[in-house]
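The values are calculated or read from the model by the stated rules, or taken from the named source; none is laboratory data. These numbers were taken from a predicted model, which means no experiment stands behind them. Positions of Cβ are backbone-derived with ideal geometry, glycine not excepted, and every protein chain shown enters the neighbour counts. The protein model used for the area step is the full one, side chains on, heavy atoms only, and it has no ligands, DNA or RNA in it. Shrake-Rupley method; radii C 1.70, N 1.55, O 1.52, S 1.80 Å.
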Amino acid sequence: MSKSSYKIMFFLIIIVFLGLGLRSSAFTNLNTLSFEESLSPLFGDANLVRSPDDLSVRLLLDRYTGSGFISSNMYQHGFYSSMIKLPADYTAGVVVAFYTSNGDVFEKTHDELDIEFLGNIKGKPWRFQTNLYGNGSTHRGREERYRLWFDPSKEFHRYSILWTPHKIIFWVDDVPIREVIRSEAMGADYPAKPMSLYATIWDASDWATSGGKYKANYKFAPFVAEFKSFSLDGCSVDPIQEVPTDCSDSVEFLESQDYSSINSRQRAAMRRFRQRFMYYSYCYDTVRYPEPPPECVIVPAEKDRFRDTGRLKFGGTEARERRRNRRQQRPVIESDPDERRLL
């Protein structure tokens, strides 16, 4: 065999080998936008720093103000996504939020979908929550809280929210972490009015980190959150227009995209994420909800891990939890050779 033939064979072997590790992504063909095309400053203009190419933005929090931006349009259903890198070092009390809302237009009947990062003490796992409100139902919050399986201050990761008339999916990279299927019994609790996209950084020392135990320390300021690779798909509408916009084509487009469905591999990843990293779920909080809200899907393997308050029965690290599980002769959560790999 000639030297050139050996080279070709070598490269073919490498391609096959690499191909074994490739994973299809729900986000390979996103239409990304510049800041000017899709977003506008919201507050703290001096603490909002746009890149020279207008493809990324930094939100800063100092002892005087936080900052934020808002989408230039409101959308009747949509897909909202961005690559985000969170502040490093000590960030207790500092909340970075990526969410949709219409509170500025519908003050008493607003809808909202949240991803909120709850500050962090260096060396501890990052914690965050998702939530949804419909028609001003803030007394019926639908919180879930989790730990991340990576350090979100080291590099950018993609965080996404899909909202259609039939479902809501929260994504972290290519892992769907939460899916809410619309139930008729939810009624107006399911978000239904046009919403804007928001991103903010602000001081929430009174509640964010360990219930307010750890406060923001401005010795570490400014706290910086970076956003890039913005993607906004949806039906742009005027919420107070007399003739409603026909959004059927937009909804059809959204529901035809990869990010609108969860394949078997992603569903297994979601199950592993929720088994290992979810530490509060309103669906298992029988103190707040003696009867689970209608959209809740009660998973016995999940329920067994939670108290009636919806919080984990066992505190501390996963290792401590597994040790205590063994002592009480409870089933151990399935293991994975690589704890950090969900997919």
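Points worth noting:
- Subset of the range 139-156 [under 17 Å from residue 95 (Cβ atoms) and either outside any strand (DSSP E or B) or open to solvent by 10 Å² or more (accessible area, probe 1.4 Å) (or both)]: 141, 143, 145, 147, 148, 152, 153
- Subset tally (residues that are out of contact with any strand residue (DSSP E or B) (no Cβ under 6 Å at 6 or more places or on another chain), in a loop (DSSP other than H, G, I, E, B) and not hydrophobic (A, V, I, L, M, F, W, C)) for the range 230-264: 8
- Which listed residue, of 172, 237, 224, is touching a His at 6+ places or on another chain (Cβ under 8 Å), within 30 Å of residue 46 (Cα to Cα) and of a type in the set (Val, Ile, Thr): 172
- Pairs, first over 16 Å from residue 172 (Cα atoms) in the range 140-151, second part of a helix (DSSP H, G or I), C-beta under 8 Å, six or more apart: 140/189
- For the range 124-138, taking the residues that are in contact with a Lys or Arg (Cβ under 6 Å, 6 or more places away or on another chain) and open to solvent by 40 Å² or more (accessible area, probe 1.4 Å), the one that is modelled with the lowest pLDDT is identified as 125.
- Going through (1) modelled with pLDDT of 95 or more; (2) farther than 23 Å from residue 170 by Cβ; (3) open to solvent by 10 Å² or more (accessible area, probe 1.4 Å) one by one, residue 67 falls short only on (3).
- Breaking point among (1) over 25 Å from residue 29 (Cα atoms); (2) touching a Ser or Thr at 6+ places or on another chain (Cβ under 7 Å); (3) among the acidic types (Asp, Glu), for residue 114: (1)
- Taken as a whole, the condition of being in contact with a strand residue (DSSP E or B) (Cβ under 7 Å, 6 or more places away or on another chain) and open to solvent by less than 50 Å² (accessible area, probe 1.4 Å) applies to residue 82.
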